[in-house]
Amino acid sequence: MQHESWLVKKDRVWAMRFFQDKHSDEDGTTYMRVHYASCRLGFLHGITPHVELHESEKLTYEKARDLWRSSVETEWEVSEKPLWKTL
């Protein structure tokens, strides 16, 4: 997993964005953020309009890596390109 990675469900309706949090915790721990989003029209192979963000989760690097692995082993695929615009 890199500083920013994308997973898309095989039906292309749901996606996750994994990225390193810009700010470390008070004890210096670096966290990953996971954004969950959907697109009722289906995600394209690149920037997709009409994306609805549902949730953001702050995870330790280890938990984010476990979520990534378990997702890829089930019904998620790695997207080589970003799926929505980020700020």
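Applying a threshold of 8 Å to beta carbon distances and a minimum spacing of six or more residues, or different chains, the list of pairs starting in the range 61-81 at a residue that is under 17 Å from Asp11 (Cα atoms) and ending at one that is in a helix (DSSP H, G or I) and among the hydrophobic types (A, V, I, L, M, F, W, C) reads Val78/Val72. Scanning the range 5-38 for residues that are touching a residue at least 40 places away in the same chain (Cβ under 8 Å), surrounded by 12 or more Cβ atoms within 10 Å (Cβ to Cβ) and over 12 Å from Lys58 (Cβ atoms) gives Ser5, Trp6, Leu7, Val8, Lys9, Ala15, Met16, Arg17, Ala37.
Selection over the range 28-87 of residues that are in a loop (DSSP other than H, G, I, E, B), among the hydroxyl-bearing types (Ser, Thr, Tyr) and within 13 Å of the chain's Cα centre (by Cα) gives a count of 1.
Since every read-out is calculated from the coordinates, none of them should be taken as a lab result. If you're wondering where the values come from, they're calculated on a predicted model, not measured in any experiment. Because the Cβ atoms are built from the backbone with ideal geometry, glycine has one as well, and the counts that use them run over all protein chains shown.
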